[in-house]
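Sending over a structure as structure tokens; questions will come in a sec.
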Amino acid sequence: MLDIENCVDSSATDDEFEEIIMGLIINSGQARSIAYAALKKAKQGDFAQAKKMMEQSRAALNEAHKIQTRLIGDDQGLGKTKVSLVLVHAQDHLMTSMLARELVTELIELHEKIK
């Protein structure tokens, strides 16, 4: 596993930077996938498992958010971070995963109230 703390800054090689960006995509995607799996459990009435899965989703999203926060911090608003289409794609994954997780949380609560 790549040490995010030591290679997000401008000293990161292109390969290291790409791996960091992939961490955003992978963790965000995992958070979203787990959230939708949790919704499926809620639809089946297994709310305990759904809530456990939503915690797993939150943990994956937190990992992605740590990477994003480090990228923003290292950039310092000065344009130090190389912006690429892959980085934009990773940011898109993160934001849609955050939104999906929020909506799935609401849907699980609604399913639980209906039951």
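Starting at 0 and stepping by 5 Å, how many percent of the alpha carbon pairs of the chain end up in each bin?
2, 13, 21, 19, 14, 10, 9, 6, 4, 2, 0
Does anyone have the angle between helix 14-43 and the longest principal axis of the chain? Alpha-carbon axes, 0 to 90°, nearest 10?
In the chain, helix 14-43 runs at an angle near 10 degrees to the longest axis.
Additional query: Which residues does a label at A48 reach in segment 97-115, if reach means a backbone N under 17 Å from a point 7 Å past the Cα toward the Cβ?
Only 112 fall inside the zone, counting backbone N under 17 Å.
Sticking with this structure for a sec: Which residue, chosen from Q44, M22, L85, occupies the Cα position most advanced towards the positive end of the dipole of the chain, where the dipole is computed from +1 (Lys, Arg) and -1 (Asp, Glu) charges on Cβ about the Cα centre?
Q44
While we're on this one: What does the charge dipole of the chain about its Cα centre add up to, to the nearest 20 debye, if the Cβ of each Lys and Arg holds +1 and the Cβ of each Asp and Glu holds -1? Don't skip to the answer; put the middle values down first.
Working: 14 positive and 18 negative charges, 181 e Å.
Dipole of the chain, to the nearest 20 debye: 860 debye.
Mind giving me the FRET efficiency for K82 and M22? R0 is 25 Å, r the Cβ-Cβ distance, nearest 0.05 is fine.
Details: r = 15 Å, r/R0 = 0.59.
So the FRET efficiency works out to roughly 0.95.
OK, next. Give the relative contact order (percent, whole number) for the chain; include only Cα pairs under 8 Å separated by 6+ residues. List each step's numbers first, then the result.
Values: 123 pairs, mean separation 42.9, N = 115.
Dividing the mean separation by the residue count of the chain yields 37 percent.
Something else about it: Number of Lys-Lys pairs in the chain under 25 Å by Cα, sequence gap 8 or more or different chains?
Lysine pairs meeting the criterion: 20.
Can you tell me the accessible area per residue over the chain, all protein chains present, probe 1.4 angstrom, in square angstrom?
Working: 7160 Å² over 115 residues.
Result: 62 Å² of accessible area for each residue.
Kindly express, to the nearest 10 degrees and within the range 0 to 90, the angle between helix 47-75's C-alpha long axis and the longest C-alpha principal axis of the chain.
20
The values are calculated or read from the model by the stated rules, or taken from the named source; none is laboratory data. Since the model is a prediction, treat every value here as computed from it, not as a measurement. Neighbour counts are summed over all protein chains in view; Cβ atoms, including those assigned to glycine, are modelled from backbone coordinates with ideal geometry. Note: areas computed on protein heavy atoms with side chains; ligands, DNA, RNA excluded. Shrake-Rupley method; radii C 1.70, N 1.55, O 1.52, S 1.80 Å.
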